[in-house]
Structures are given as structure tokens and as C-alpha cells.
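Chemist: What follows is a single structure, and I will ask about it in a moment.
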Amino acid sequence: MLVLDGQGRFAFTGSQASFGPVHQATVAFPSGRTAALLVYEVLGPNFHADAEICDGGRTHCFMATAPMEDPGTPRPSTPSARRAV
């Protein structure tokens, strides 16, 4: 997950029993803006739907179970995906 202008470290705020720790790499640009790359692992198939990840100021929060898309995965609306079906 890439988050722009987060404040401080990101961490779980809800149940995290089914997830590994949040690993974070942050870069600060000369303009003062930041970009944080967050990586975490789902440890099993039975994860808690209320698991939330927030930055230190709770300015940026999102559900850890939110769907994530791979930009390289074809979507059904693309011609290549329609041919594959």
C-alpha cells in the first residue's frame, strides 16, 4: 500500500491476530510531502474484518482487508480479459 502525506508510523488499531507486523519505508520529498510504502502479511485464511491500519495522527486509516488490486491483472472490461474467459 502506498500512502501520501501520512504522519508518523503506521500500525494496526483493530484486531491484528491474523496479520503480521506493518513494515514501513518512508521518503520525504524536498516539498515537504511524504510517501510511505506499507507492507504486511495475512497469516491465515480466517482474518478479522475489523483490522484497521492508521498513521500516528489517525489522519490516514484504512481497513487491512480492503481489496488490493495488482495493476498488471487484466480486468473483465479489457479485450484481453474477455478473450481469456
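The values are calculated or read from the model by the stated rules, or taken from the named source; none is laboratory data. Predicted model, so just to flag it, every value in this text is computed and none were measured. Note that we place each Cβ from the backbone using ideal geometry, even for glycine, and neighbour counts take in every protein chain shown. These accessible areas exclude ligands, DNA and RNA; they are computed on the full protein's heavy atoms, side chains included. Shrake-Rupley method; radii C 1.70, N 1.55, O 1.52, S 1.80 Å.
Chemist: Could you compute the net charge surrounding THR59? Neighbours are other residues with a C-beta less than 15 Å from the C-beta of THR59; K and R count +1, D and E count -1. If you can, show how the numbers build up before the last one.
Modeler: Numbers: positive: ARG9, ARG33, ARG58; negative: ASP5, GLU52, ASP55.
Every neighbour counted, the sum reads 0.
Chemist: Count the net charge of all other residues whose Cβ sits under 15 Å from the Cβ of HIS23, scoring Lys and Arg as +1 and Asp and Glu as -1. Walk me through the intermediate numbers first.
Modeler: Numbers: positive: ARG9; negative: GLU41, ASP55.
Net charge in that neighbourhood comes out at -1.
Chemist: What is the packing order of peptides 58-65, 12-19, 28-35, taking the mean over residues of other C-beta atoms within 10 Å and listing the highest first?
Modeler: Details: 58-65: 14.6, 12-19: 16.1, 28-35: 9.4.
With the highest mean Cβ count within 10 Å placed first, the list reads 12-19, 58-65, 28-35.
Chemist: Local charge sum around ALA11 (other residues, Cβ-Cβ under 11 Å, Lys/Arg +1, Asp/Glu -1)?
Modeler: Working: positive: ARG9, ARG58; negative: GLU52, ASP55.
Every neighbour counted, the sum reads 0.
Chemist: Something else: By accessible area of protein heavy atoms, probe 1.4 Å, what ranking do VAL27, VAL3 get, highest first?
Modeler: Values: VAL27 70, VAL3 10 Å².
Order by accessible area, largest first: VAL27, VAL3.
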